[in-house]
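Here is the structure we will look at, set down as structure tokens.
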Amino acid sequence: MSRNRIVHVLIGVLAGLAAWLNAEILPDAALPRAALASSVAAGVFFGTGLAMLNDLGVRRAMAMAGVLAAFVTGFVVAGSYRFDTVSEYLASGHTVLAGLILTGVPLPFLMARMQLGPQGWAHYPTLFMNSWNIVVRYAAAASFLGVVWISLWASAELLRIVGLDVFSQILNEPLFGWVLSGAVMGLGLAVVGEMADLVSPYLLLRLLRLLEPLILVVTLVFLAAVPFRGLDLLFGPLSTAAMLMGVALAAVGLISISVDQCDDDGVRGALMGWVTRILALTLPLLGGLAAWAVTVRITRYGLTPDRVAAAMVAVGVLGYAVLYALSVLRRSGWKQRIRSSNRIMAIAGVCMAGLWFSPLLDAETMSTRSQMERFADGRAAPQDLPLWEMGRGEWGRAGKAALADLRARSADTPALAAEIARYDAAESRWELAAMRRAHPDAERDARLIENAPTIFGSVRFAEIVADLDPTEVESYANVCAEGCYLLSADLLPDVPGEEAILLKRTERFTPEYSTHLFVHTPEGWRLSGRIVEITPDLAARADTTEEAIRSIRRVPAGLMALELGGVRLVVLP
């Protein structure tokens, strides 16, 4: 075995021992923050050290790994003091994600600095190849580790058939598992590094380029459909914003792959060049919609740590979008400007990740203050307060302090006292949600009825709300937060009486969305599974909801239908 492989294996063994100590020994020593510091330091030190070992050698790689480990550990441990316990601190994925950014993004810069000297950190070809080499090498080594463990477990099961359980017992020992995994990862990284000419990122990068036209077509279709379909669906659940940001970040990655490390390696054909440039120009639209969706969500429901994190990601996406679009619009040298933009945004990403751990951006305190202000001025009912997140440590010490304040106020607020009593009795957030559904909110129901006036027919939404399950009422309260309209008419000949259609209110007339049909049954009003067919007449289409209301009428359509603003609503039998 070569010296390089022996060094990798030995460092891998040390990494395995450190992981075993942090996972099996330190948690029982009643020193949680010491265990956190030790775990982060060891993980960053050995993880980055092994990544740099092939390119920098032992001394320089481990020296840089030590510097980076101290840097990341300081930020992560400092952030933990917002929480009473480390387990509460780590319960959120934001901490882990920010820590990974602080660890991974500076790594190519440090390697380039050690490889090329003081100015090496700005050499984009080296940064690009270092980044993708790390990804490919770790992916290959992890795959090798998986194959080794599958082989060992299969061998152990084979030996158990003949009554030999010793091998299986050894595999089940935590110390053996951690040390073996470290040694195998080290060996895998050594072999992959030695075969850099064969195991390189070029094949992966060329394959990923093929996805760029697909992403562009989907993005263009989406953006073209938005003016016709309306913006309402964008500003519902936070997952919509997350999807937009995810697509935008995927586009950023594909554009970066397409411009590659230099013009000679980047896309050359006219077609792919235009695909890359057009995709870059769509980024401001995607980023803008995502940022708007997050903003609307925050305005409507207040801050939470998730929304603070989403806002930071949206800012990052907009940064990429603006720099990429400006790079393309200036035409000549646009590929080089995109590479420079990547370097700028990588540094900005590290700064934002560090900001997450700093007192300058305390997401838990910001969220707690926002929710308490909403409750104080009447924008949030007691049932809307995130009591579980506050009281169970997910929002840190600020959340617990806010819950204590709410307990003190509850003596004068019966609804708040009842909500806190339900929180105290619940054993999980899901049980608390079930309790809330079982106790209807009279204020919420009144707001819902007020937000859904009848604009045609004789049925009032109050009649329907009185017959619905509390879970359904809560759902419609969210649907109609910005207002709805109720229309009723006898549309089905086989069902006696009038049927009711609930439409979401929009500034621009878009009744395609949130169309709900209610029918009256012997058990009361129920949501029907029948389909409300939408048949728009674009020539007669109303521009605003007010115009549509003025034009509403019953019309024959084989069955009876309602027509408003050039759109016909037909309930299919």
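The values are calculated or read from the model by the stated rules, or taken from the named source; none is laboratory data. Only a predicted model underlies this, so the values are computations on that prediction, with no experimental measurement involved. Glycine gets a Cβ as well: all are built from the backbone with ideal geometry, and neighbour counts include every protein chain shown. Each accessible area value is taken on the protein alone, full model and side chains, heavy atoms only, with ligands, DNA and RNA left out. Shrake-Rupley method; radii C 1.70, N 1.55, O 1.52, S 1.80 Å.
Residue ranking by accessible heavy-atom surface, 1.4 Å probe, largest first, among TRP334, TRP153 comes out as TRP153, TRP334.
Return the carbon/sulfur percentage of the accessible area of the range 363-438, one whole number, probe 1.4 Å, all protein chains in place. Walk me through the intermediate numbers first.
Numbers: 1840 of 3540 Å².
Carbon plus sulfur share of accessible area: 52 percent.
Karplus-derived 3J(HN,Hα) values for the range 197-211, using 6.51 cos²θ - 1.76 cosθ + 1.60 with θ = phi - 60°, are 5, 9, 9, 10, x, 4, 4, 4, 5, 5, 5, 5, 4, 5, 7 Hz; glycine and proline are entered as x. 3J(HN,Hα) along the range 328-344, derived from phi through the Karplus expression 6.51 cos²θ - 1.76 cosθ + 1.60 where θ = phi - 60°, amounts to 6, 5, 7, 6, 4, x, 5, 5, 5, 5, 5, 5, 5, 5, 4, 5, 5 Hz, with x in place of Gly and Pro. The modelled label-to-label distance between PHE167 and ASP467, using points 7 Å beyond Cα along the C-beta direction, is 6.9 nm. Across all Cα atoms of the range 1-98, the radius of gyration (one decimal) and Dmax (whole number) stand at 14.9, 49 Å. Between ALA404 and ALA433, the contour length at 0.36 nm per residue exceeds the alpha carbon distance by 8.4 nm. Here r is the Cβ-Cβ distance between SER458 and ASP494 and R0 is 30 Å; the resulting FRET efficiency, rounded to 0.05, is 0.90.
Return the long-range amide H neighbours of GLY393 (sequence gap of 5 or more, or a different chain), with a cut-off of under 5 Å between placed amide H atoms. Those lying under 5 Å, H to H, from GLY393: there are none.
For the chain, taking a cut-off of 4.7 Å between Cβ atoms, the unpaired cysteines are CYS262, CYS351. Accessible surface of the range 245-317, 1.4 Å probe: 70 percent of it comes from carbon and sulfur atoms. Rounded to the nearest whole angstrom, the semi-axes of the ellipsoid equivalent to the range 62-121, taken from the Cα gyration tensor as √(5λ), stand at 29, 11, 7, largest first. Estimated at 0.36 nm per residue, the fully extended path between SER200 and ARG397 surpasses their Cα-Cα distance by 66.2 nm.
For ALA156, neighbours were defined as the other residues whose beta-carbon sits under 14 Å from its Cβ, and their charges (Lys and Arg +1, Asp and Glu -1) total -2.
When each pair of different Cα atoms in the chain is counted once in the 1/r mean, what is the Kirkwood radius in angstroms, to one decimal? Numbers along the way, then the final one.
On the way: mean 1/r = 0.0354 Å⁻¹.
Every distinct Cα pair counted, the radius reaches 28.3 Å.
Excluding ligands, DNA and RNA, the accessible surface per residue across the range 201-357 is 46 Å² with a 1.4 Å probe.
Once C-alpha pairs closer than 8 Å and six or more residues apart are averaged by separation and normalised to the residue number of the range 363-438, the relative contact order reads 26 percent.
In the context of the full set of protein chains, the range 64-112 has a per residue accessible area of 38 Å² (1.4 Å probe). Computed over the chain, the per-residue total of -39500 (n - 2.57) for DSSP H runs of n ≥ 4 gives a 222 nm mean residue ellipticity of -21500 deg cm²/dmol, rounded to 500.
Relative contact order for the chain: 10 percent, from Cα pairs under 8 Å spaced at least 6 residues apart, divided by residue count.
As a calculated quantity, the FRET efficiency between PHE228 and SER475 at R0 = 35 Å, using C-beta atoms, amounts to about 0.85. Fully extending the segment from LEU326 to GLU482 would add 52.5 nm, taking 0.36 nm per residue of separation and subtracting the current Cα-Cα distance.
Once the Cα atoms are used to define both axes, helix 124-161 deviates from the longest principal axis of the chain by about 90 degrees.
Hey, how much of the P(r) for the range 3-195 falls beyond 27 Å, as a percent of Cα pairs?
Working: 6863 of 18528 pairs.
Beyond 27 Å sits 37 percent of the P(r) for the range 3-195.
Around ARG337, what is the net charge, scoring Lys/Arg as +1 and Asp/Glu as -1 over all other residues with Cβ under 15 Å from its Cβ? If you can, show how the numbers build up before the last one.
Details: positive: ARG277, ARG330, ARG331, LYS335, ARG339, ARG343; negative: ASP260, ASP263.
Computed value for this residue: +4.
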